[in-house]
Amino acid sequence: RLESEAQEEDLDLIGCQALLLEMVMTYSINLLKTRELEEQLQESNEKFKSLINSSCDIICTAEKSGKWTFINQAAKKILGYEPADMVGRPSFDFIFPEDIKSAREAHESVVGEGKSLREHVNKWISKDGGTITLSWNIVPLRNRRGQIVGTHGVGRDITSRDKLEQRTRIELD
């Protein structure tokens, strides 16, 4: 009888060890999968960052208030400002004074009404004090619940085209 009880305890112990081993293996597999997913996410982020920063156009995101939360390296090439010096500031700080009203109205149509803007043109003040003409495509940025929380925008430098159009108008007059 003692031998039978000892065998049952051994079987219980073996069962516990098997269960514990299964739990450890499951945990290890989940940990490996988590690490693989983290590595894939990191790779994806690096590719995305490289793509965004290789663009010749300004690519940015902003809060509903108009403060930038992200702006790519093209801002330095086009406007002369470091992106870090622009993030956290309202985009309106950099817009030519005569264009601020229309820029605010356009911004409000995106964040207030959910409209998308295509080729919205305005003038910007570069770091050296020059005037840069940008054409913007701007869409609402929404959270998971579909609420508008800001904007995504792409701005293209059309200064040369704008100057050429002005010269052509002068010549035609």
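The values are calculated or read from the model by the stated rules, or taken from the named source; none is laboratory data. Here the structure is a predicted model, which is why all the values come from computation and not from measurement. We place every Cβ from the backbone using ideal geometry, glycine too, and count neighbours over all the protein chains shown.
Being surrounded by fewer than 18 Cβ atoms within 10 Å (Cβ to Cβ), in a helix (DSSP H, G or I) and among the small types (Gly, Ala, Ser) is a condition met by no residue of the stretch 143-153. Pairing each residue of the stretch 149-161 that is farther than 14 Å from residue 94 by Cβ and without any contact (Cβ under 8 Å) to a residue 40 or more places away in the chain with any residue that is among the hydroxyl-bearing types (Ser, Thr, Tyr) and crowded, with 16+ Cβ neighbours inside 10 Å, provided the two are 6+ apart or on different chains, yields C-beta distances under 6 Å for 158/133; 158/135; 159/133.
Tallying residues that are in a loop (DSSP other than H, G, I, E, B), polar (S, T, N, Q) and surrounded by 15 or more Cβ atoms within 10 Å (Cβ to Cβ) within the stretch 85-119 yields 0. Looking at residue 84, is it closer than 21 Å to residue 49 by Cβ and either out of contact with any Lys or Arg (no Cβ under 9 Å at 6 or more places or on another chain) or assigned by TED's automatic domain parsing to the domain that holds residue 49 (or both)? Criteria met by residue 84. Any residue that is more than 19 Å from the chain's Cα centre (by Cα) and part of a loop (DSSP other than H, G, I, E, B) - is there at least one of those in the stretch 58-77? Taking every residue of the stretch 58-77 in turn, none turns out to be more than 19 Å from the chain's Cα centre (by Cα) and part of a loop (DSSP other than H, G, I, E, B). Entry remark, the stretch 21-74: residues being outside the structural domain of residue 142 (by TED's automatic domain parsing) and on the phi > 0 side of the Ramachandran plot number 0 in total. Close Cβ contacts (under 6 Å, 6 or more residues apart or on different chains) running from residues in the stretch 121-148 that are assigned by TED's automatic domain parsing to the domain that holds residue 74 to residues that are among the aliphatic types (A, V, I, L, M) and in a loop (DSSP other than H, G, I, E, B) comprise 133/158; 135/158.
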